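The values are calculated or read from the model by the stated rules, or taken from the named source; none is laboratory data. Computed from a predicted structure; not experimentally measured. Quick reminder, even Gly has a Cβ in these numbers, built from the backbone with ideal geometry, and neighbours come from all protein chains shown.
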Amino acid sequence: MSRPATPASARSALRSDKTPRYGEYEVSDSSIEDRVKKIVCDQMGTTPDKISLETSFINDLGADSLDTVELVMEFEDEFEINIPDEDAEKIQTVGAAVDYIGAKLQ
Amino acid sequence: MRRVVITGIGTVNALGLDVATSYPRILAGENGVSTITRFDTEGISATIAAQVDWDPEACGFDVKDQRKLDPFTMWAMMASDEALQDAGMEKPNDLPQEQRERIGTIIGTGIGGITGILEQHDVLKERGARRVSPHFIPRIMPNAVSGQVAIRHGLMGTAFTTSSACASAGHAIGMAWRAIQWDDCDVVVTGGAESAMTPLSMAGFASAKALSTRNDAPELASRPFDKDRDGFVMGEGAGILVLEEYEHAKARGAKIYAEVKGYGSTDDAFHITAPKEDGYGPMRAMQEALRHAGVNPDQVEYINAHGTSTAYNDSIETTALHRVFGDHAKKLAVNSTKSMVGHLLGGATAVELVVTALAIKNAEVHPTRNYTTPDPACDLDYVPGSARQLVIQNALCNSLGFGGHNVSICIGKV
């Protein structure tokens with residue numbers, strides 16, 4: 001799966017000293033991808049080595065409809081964005097979340 | 001009428017996370033009450049409770065599960081695993097669907113998911129409505145406990161939750177008995193669970209002057225029927241029983257603890273918290289349980305009392321026992337499991353029926369811990385000191401709840 005690289009401008013804007021809200025998995029580089037993965041790990045009870053950009057929340061991590069709603073809420077909170085319901089439905093994988101958030105923050 | 005027997009038992013309580021651990025401690029009259037460590041009790045008059053000592057991860061609940069499940073539901077799931085395994089039904093999920101459609105799930109709770117309510121109320125106040133978890137409602141609704149246990153084991157028969165405060169499990173077990181008698185089910189996973197040890201609920205019970213404030217001596221605080229009792233001690237946990245139609249149990253060679261013979265349920269229709277002094281409501285509940293069982297009062301040897309350790313409950317329950325049993329009352333062994341594990345509210349009668357079933361099977365009753373000073377208003381044999389050998393043909397297990405609800409269950413030898 002190919003995906004557009006996160007624009008450098010968005011990255012630098014996001015690379016803050018914000019303390020991670022989830023203490024379990026420390027991330028050294030707070031890129032969108034790392035932050036998304038961290039949320040997915042904390043919410044779905046998995047570890048970073050077990051997920052990739054292709055990982056599907058429902059098919060690979062066993063998420064149900066309520067779990068995906070909760071994940072989207074966490075993305076909204078972490079990146080301070082609003083994700084409308086019609087967009088949220090399309091965010092089914094880690095990669096889709098990274099792409100969507102990257103575009104949203106441009 | 002189809003007969004109903006108990007073929008499996010499970011519990012989570014302050015003295016252990018299963019029957020094998022907690023029952024010997026109950027029999028020995030051990031103390032399950034200690035100073036509350038789970039939260040700051042500043043300002044609450046009662047700072048002691050019978051707390052379940054557990055690690056959710058070690059019990060199989062990962063962080064994801066813990067966001068979706070209140071403790072009362074997790075404990076009922078643990079106790080249901082134990083009870084089904086004990087009944088020789090380790091994997092009900094593997095049974096053919098037509099069999100699973102004949103297995104029900106009826107579990108009571110008095111308060112429901114108050115841990116989740118408090119947690120998400122904080123989220124609402126601090127982070128706003130859009131941050132309230134989508135798991136909030138399915139976590140905190142009282143019937144989550146029955147739904148989750150049914151899902152866990154694939155039980156497709158009737159399933160619902162009873163809620164009648166401290167009588168919740170009594171009603172659940174009564175309805176389970178009926179569901180089997182009436183041929184709706186062959187097996188019902190039943191009982192009760194409670195996790196109401198939160199600052200808010202403790203403060204509420206304390207304001208209602210229901211709790212013991214013997215904070216400096218937790219091990220002496222739960223003292224049912226004793227003259228120096230000063231309120232109940234909050235407990236938590238779950239009790240689950242597998243009730244099964246007698247022929248069904250025999251056909252698969254299941255071990256049988258006891259037969260559930262009768263169930264009586266009444267209301268005082270008097271006051272929302274205070275029991276009526278004449279004991280008429282609990283008397284009628286016990287009489288109805290005996291009538292359905294076809295058991296005469298003088299054929300009963302043992303009462304597992306509601307015995308909360310409040311001034312009113314214990315004297316009024318004693319009055320009711322006198323009214324039901326007359327001269328035979330003095331010959332009864334009457335004890336209160338709450339003297340060890342505290343008051344599990346909606347889970348109480350379930351743990352106590354587990355204990356009663358074991359008393360019948362093992363011909364031994366546990367003591368009432370801390371019973372040292374007789375009260376003229378409580379003048380029966382409360383099994384002081386230590387456990388006692390007692391052959392039991394029939395027993396009653398009582399529950400009296402806020403709302404004026406009275407339930408009595410008659411169980412005995414098959």
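Some values worked out for this structure:
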| item | result |
| --- | --- |
| Any hit, the range B:320-342, residues being among the acidic types (Asp, Glu), in a helix (DSSP H, G or I) and surrounded by 22 or more Cβ atoms within 10 Å (Cβ to Cβ) | no |
| Test: residue in the range B:111-124 that is small (Gly, Ala, Ser) and away from chain A (no Cβ under 14 Å) | yes |
| When residues of the range B:18-38 are limited to those that are among the hydrophobic types (A, V, I, L, M, F, W, C) and either part of a helix (DSSP H, G or I) or in contact with a Gly (Cβ under 9 Å, 6 or more places away or on another chain) (or both), the one surrounded by the fewest Cβ atoms within 10 Å (Cβ to Cβ) | B:ALA20 |
| Residue among B:GLY174, B:GLY128, B:GLY108 that alone is more than 21 Å from B:SER201 (Cα to Cα) and under 20 Å from the mean Cα position of the chain (by Cα) | B:GLY174 |
| Lone qualifier among B:VAL351, B:VAL365 - being closer than 20 Å to B:LEU15 by Cα and out of contact with any Gly (no Cβ under 9 Å at 6 or more places or on another chain) | B:VAL365 |
| Residues satisfying the stated conditions in the range B:43-85, i.e. in a helix (DSSP H, G or I), touching a residue at least 12 places away in the same chain (Cβ under 8 Å) and either not assigned by TED's automatic domain parsing to the domain that holds B:PHE205 or not aliphatic (A, V, I, L, M) (or both) | B:ARG67, B:LYS68, B:PRO71, B:PHE72, B:THR73, B:TRP75, B:SER80, B:ASP81, B:GLU82, B:GLN85 |
| Residue among B:GLY43, B:GLY10, B:GLY88 that is small (Gly, Ala, Ser) and more than 18 Å from B:VAL189 (Cβ to Cβ) | B:GLY43 |
| Subset of the range B:62-101 that is within 14 Å of another protein chain (Cβ to nearest Cβ) and farther than 14 Å from B:SER195 by Cα - its residue that is surrounded by the most Cβ atoms within 10 Å (Cβ to Cβ) | B:LYS68 |
| A:THR93, sole failed condition from (1) buried (at least 19 other Cβ atoms within 10 Å of the Cβ); (2) within 12 Å of chain B (Cβ to nearest Cβ); (3) more than 18 Å from B:ASP65 (Cα to Cα); (4) not small (Gly, Ala, Ser) | (2) |
| Condition met for B:THR7 (of a type in the set (S, T, N, Q), under 30 Å from B:LYS209 (Cα atoms) and at pLDDT 95 or above) | no |
| Verdict on B:GLY239 being crowded, with 22+ Cβ neighbours inside 10 Å, closer than 26 Å to B:ASP70 by Cα and not aromatic (Phe, Trp, Tyr) | yes |
| Residue that is surrounded by the most Cβ atoms within 10 Å (Cβ to Cβ), among those in the range A:72-88 that are assigned to a helix (DSSP H, G or I) and more than 10 Å from every other protein chain (Cβ to nearest Cβ) | A:PHE75 |
| Test for B:PHE232: is it touching a helix residue (DSSP H, G or I) at 6+ places or on another chain (Cβ under 6 Å), of a type outside the set (A, V, I, L, M), in the same structural domain as B:SER45 (by TED's automatic domain parsing) and buried (at least 21 other Cβ atoms within 10 Å of the Cβ) | no |
| Tabulated pairs, the range B:159-184, first under 18 Å from B:ALA293 (Cβ atoms), second at pLDDT below 95 and surrounded by fewer than 22 Cβ atoms within 10 Å (Cβ to Cβ), C-beta under 7 angstrom, 6+ apart or interchain | B:GLN181/B:MET1 |
| Some residue of the range B:132-140 being closer than 21 Å to B:GLY239 by Cα, modelled with pLDDT of 95 or more and away from chain A (no Cβ under 14 Å) | no |
| Set A:THR68, A:THR47, A:THR6: member being modelled with pLDDT of 90 or more and away from every other protein chain (no Cβ under 11 Å) | A:THR47 |
| Selection status of B:ASP18, closer than 30 Å to B:TYR246 by Cα, modelled with pLDDT of 95 or more and within 19 Å of the chain's Cα centre (by Cα) | yes |
| In the range A:34-54, the residues that are crowded, with 19+ Cβ neighbours inside 10 Å and β-branched (Val, Ile, Thr) | A:VAL36, A:ILE39, A:VAL40, A:THR46, A:ILE51 |
| Looking only at the range B:22-61, and only at residues there that are more than 24 Å from B:GLY108 (Cβ to Cβ) and acidic (Asp, Glu), the one that is nearest to the other protein chains (Cβ to nearest Cβ) | B:GLU57 |
| Exclusive hit being crowded, with 19+ Cβ neighbours inside 10 Å, within 14 Å of another protein chain (Cβ to nearest Cβ) and among the aliphatic types (A, V, I, L, M), set B:ALA144, B:ALA150, B:ALA167 | B:ALA144 |
| Helices (runs of 4 or more DSSP H) contained in the range B:104-188 and holding at least 2 residues closer than 24 Å to B:GLY8 by Cβ | B:144-153, B:168-181 |
| Options B:ALA274, B:ALA269: the member that is free of Cβ contacts under 8 Å to residues at least 40 places away in the same chain and either farther than 13 Å from B:LEU400 by Cβ or surrounded by fewer than 20 Cβ atoms within 10 Å (Cβ to Cβ) (or both) | B:ALA274 |
| Selected residue (criterion: surrounded by the most Cβ atoms within 10 Å (Cβ to Cβ)) from residues of the range A:55-71 that are assigned to a loop (DSSP other than H, G, I, E, B) and among the charged types (D, E, K, R) | A:ASP60 |
